[in-house]
Amino acid sequence: MTCVHPESARFWKMLTGKQVVLRPVERDDLKLLHKWKNDEGIMRLGNSYPDSSQSMVMLETEYEKVLKGEDISRRDYIIEEKASKRPVGWGGLQIYTRQRRMTSANLGLALGERDAWKKGYGTETVHLLLGLAFEQMNLHRTEWWTYAENTASLKLAAKTGFTEEGRLRSAVFFDNGYHDVVVLGQLKNDYDSRVKT
């Protein structure tokens, strides 16, 4: 018998903004995720390892516990256009569970449909995920990791209140060379101050 945590995917509410809705990942979404996660142009913007690819079996294995509601360390969402209900990307929180309490998470997202770029969907998705992290889950901090040349990611992180905290020099290898990874963070106090103004 499997014990399902009350915070599991089956009990998450959708996160609704003006332009996008974030809903839990369903099994039918794996085909789209597979397509997006194997598009180098998209992964160049949405991953610290842009030349990585995933087979469908790898993807099914990665999401199996998430789909069953058994992995409380992840909050994975499909980003849908609110008006059309069309899936346009994915995002979520990877909650660090090294301690007994959940106090911090890594935030990530990617828009898999290119016609959804530059419409404010990414910004709204980050705001919704930050609201989840700080207002609903009462986390202390969120992190954002990207490689140094990913200017779109760095601009979005700065626009939504993240501050650069450090760089890991030559930490990832792609395009036949080593690249720095930029680590950004946002504390609950930073978020609270920003949303109150």
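The values are calculated or read from the model by the stated rules, or taken from the named source; none is laboratory data. Keep in mind it's a predicted model, so treat the numbers as computed, not measured. As a convention, Cβ positions derive from the backbone with ideal geometry for all residues, glycine included, and neighbour counts pool all protein chains shown.
Annotations for the structure displayed:
- Only one entry in E164, E135 is part of a strand (DSSP E or B) and either surrounded by fewer than 15 Cβ atoms within 10 Å (Cβ to Cβ) or without any contact (Cβ under 8 Å) to a residue 12 or more places away in the chain (or both), namely E164.
- Pair list, Cβ under 6 Å, 6 or more apart: region 18-30 residue within 16 Å of G91 (Cβ to Cβ) and aliphatic (A, V, I, L, M), other residue assigned to a loop (DSSP other than H, G, I, E, B) and modelled with pLDDT of 95 or more: V20/K82; V21/K82
- When the residues of region 59-85 are filtered to those that are part of a loop (DSSP other than H, G, I, E, B) and of a type in the set (A, V, I, L, M, F, W, C), the one that is surrounded by the fewest Cβ atoms within 10 Å (Cβ to Cβ) is A83.
- Of the listed requirements (1) surrounded by 14 or more Cβ atoms within 10 Å (Cβ to Cβ); (2) in contact with a helix residue (DSSP H, G or I) (Cβ under 9 Å, 6 or more places away or on another chain); (3) more than 25 Å from H179 (Cβ to Cβ); (4) charged (D, E, K, R), K119 misses just one: (2).
- Residue-level check: of (1) basic (K, R); (2) modelled with pLDDT of 95 or more; (3) at negative phi, K85 misses just (3).
- Residue check, R169 loosely packed, with under 12 Cβ neighbours inside 10 Å and farther than 14 Å from N106 by Cα: yes
- Only a single criterion out of (1) among the small types (G, A, S); (2) within 27 Å of E26 (Cα to Cα); (3) at pLDDT below 95 is not satisfied by G120, namely (3).
- Looking across region 1-48 at every residue that is assigned to a helix (DSSP H, G or I) and loosely packed, with under 15 Cβ neighbours inside 10 Å, the one that is modelled with the lowest pLDDT is identified as R10.
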